[in-house]
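A.B. asks: A single structure is presented below for examination.
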Amino acid sequence: MGHTDRVLIDLHCHSTASDGTDTPAGLVATGAAAGLDVMAITDHDNTGGWVEAAAALPVGLSLVRGAEISCEVPTEDGSELTVHLLALLFDPEHPQLVAELDRVRCDRGRRLRVMAERMAAAGLPIDPEALLATAGDAAGRPHLGRALVRAGYVATMDEAFAGVLSRDGGFYEDKQGIALPDAVPLVAAAGGVSVLAHCRASSRGAILTDTQIGELAAAGMDGLEVDHMDHSAADRAHLRGLAAELGLVPTGSSDYHGTNKTVRLPADTTAPGSYTELVGRASGVPVLHG
Ligand code: AMP
Ligand code: FE
Ligand code: FE
Ligand code: ZN
């Protein structure tokens, strides 16, 4: 248990293995310092931070190993809706899941180069190879954003995301995720549990309908991220009711990204009962205890 009577469980955090700014070792140190009892490492589309985070796990902190999978849903107008699926406690060597994540990361690289090319043509030169060399293969728009801030093209990450990097900013290129609902049984086949991340974060683009969330529940999805900084009080109330209706486990999390985002730890957390339920369903890898 942590410093307070409340058990602090955070099931969604990023490290430098994707677009966070804390190394995996730094991430677990930050979690422990913030008084977390349980922390998940959920980098985008990869498990590259797991080993370092596990090796550095501070006494008293439990580590849930996971990933945040880029998924997509075709929409009626022919465009793709991007959805993030948290996958927790899955086998990181499951061949089909490994192959799908490899494909998604490869497309992240392609997409970063395409966006950088468009930006350069408009007088905003950012070298994508330099970013990919340091950020590894899970690089995304936050890496472009930091480079834009460093170069003085924008003042803040929020300004970058509201303008140059936005979907209608003129430079945006989609990356190819895993098709939903295929990702849900794939995570289950790898022994993991799946939780739909920040599904009401409308600032990120179009959102899933309740009917679509119901279809994911029917496909075996385990949980719904209810408490998240991008959800209003009304969103949270709605999602809590929807989770109860659909039999989805409600979760809460920080979606911590170090200094790439403003949220600090501890932030939104998951109730112990939800956590126990999710852990009980998973069989890929165990929770690690520091
Ligand atoms: P991508 O997956 O490459 O399209 O980039 C999306 C990522 O950008 C998400 O993981 C978010 O965490 C991050 N993001 C979205 N909006 C912002 C913002 N205003 N400031 C910093 N990071 C953001
Ligand atoms: Fe991110
Ligand atoms: Fe996300
Ligand atoms: Zn995230």
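The values are calculated or read from the model by the stated rules, or taken from the named source; none is laboratory data. In this text, all values refer to a predicted model and were calculated from it rather than measured experimentally. Cβ atoms come from the backbone with ideal geometry, glycine included; neighbour counts cover every protein chain shown. The accessibility values were calculated without ligands, DNA or RNA, using every heavy atom of the protein model including side chains. Shrake-Rupley method; radii C 1.70, N 1.55, O 1.52, S 1.80 Å.
A.B. asks: Scanning for something modelled with pLDDT of 95 or more and open to solvent by 10 Å² or more (accessible area, probe 1.4 Å), does segment 131-141 turn up at least one residue?
C.D. replies: The answer is yes, given that some residue of segment 131-141 is modelled with pLDDT of 95 or more and open to solvent by 10 Å² or more (accessible area, probe 1.4 Å).
A.B. asks: I would also like to ask the following. Which condition does Ala116 not pass, out of (1) within 16 Å of ligand 2 (Cβ to nearest atom); (2) part of a helix (DSSP H, G or I); (3) farther than 22 Å from Val187 by Cα; (4) open to solvent by less than 50 Å² (accessible area, probe 1.4 Å), if it passes all the others?
C.D. replies: Result: Ala116 passes all but (1).
A.B. asks: If we only count helices (runs of 4 or more DSSP H) wholly inside segment 201-290, which ones have 1 or more residues that are closer than 30 Å to Asp168 by Cα and in contact with an Asp or Glu (Cβ under 8 Å, 6 or more places away or on another chain)?
C.D. replies: 233-246
A.B. asks: Another question, then. Out of segment 200-214, which residues are over 16 Å from the mean Cα position of the chain (by Cα), surrounded by fewer than 16 Cβ atoms within 10 Å (Cβ to Cβ) and of a type outside the set (Val, Ile, Thr)?
C.D. replies: Ala206, Asp210
A.B. asks: Report every pair of residues separated by at least 6 positions or lying on different chains whose Cβ atoms are under 6 Å apart, first residue within segment 153-172 and open to solvent by 70 Å² or more (accessible area, probe 1.4 Å), second assigned to a loop (DSSP other than H, G, I, E, B).
C.D. replies: Close Cβ pairs satisfying both conditions: Tyr153/Leu124; Arg167/Gly205.
A.B. asks: Just for strands (runs of 3 or more DSSP E) wholly inside segment 1-106: which have at least 3 residues that are over 16 Å from the mean Cα position of the chain (by Cα)?
C.D. replies: The strands (runs of 3 or more DSSP E) meeting that bar are 62-74.
A.B. asks: Related question: Check whether at least one residue in segment 169-188 is under 21 Å from Ser283 (Cα atoms), more than 16 Å from ligand 2 (Cβ to nearest atom) and β-branched (Val, Ile, Thr), and report yes or no.
C.D. replies: Yes, segment 169-188 contains at least one residue that is under 21 Å from Ser283 (Cα atoms), more than 16 Å from ligand 2 (Cβ to nearest atom) and β-branched (Val, Ile, Thr).
A.B. asks: In segment 174-186, which residue that is open to solvent by 40 Å² or more (accessible area, probe 1.4 Å) and in contact (Cβ under 8 Å) with a residue 40 or more places away in the chain is farthest from Leu88 (Cα to Cα)?
C.D. replies: Asp174
A.B. asks: State whether the residues of segment 190-199 include one that is without any contact (Cβ under 8 Å) to a residue 12 or more places away in the chain and either surrounded by fewer than 22 Cβ atoms within 10 Å (Cβ to Cβ) or more than 16 Å from ligand 4 (Cβ to nearest atom) (or both).
C.D. replies: no
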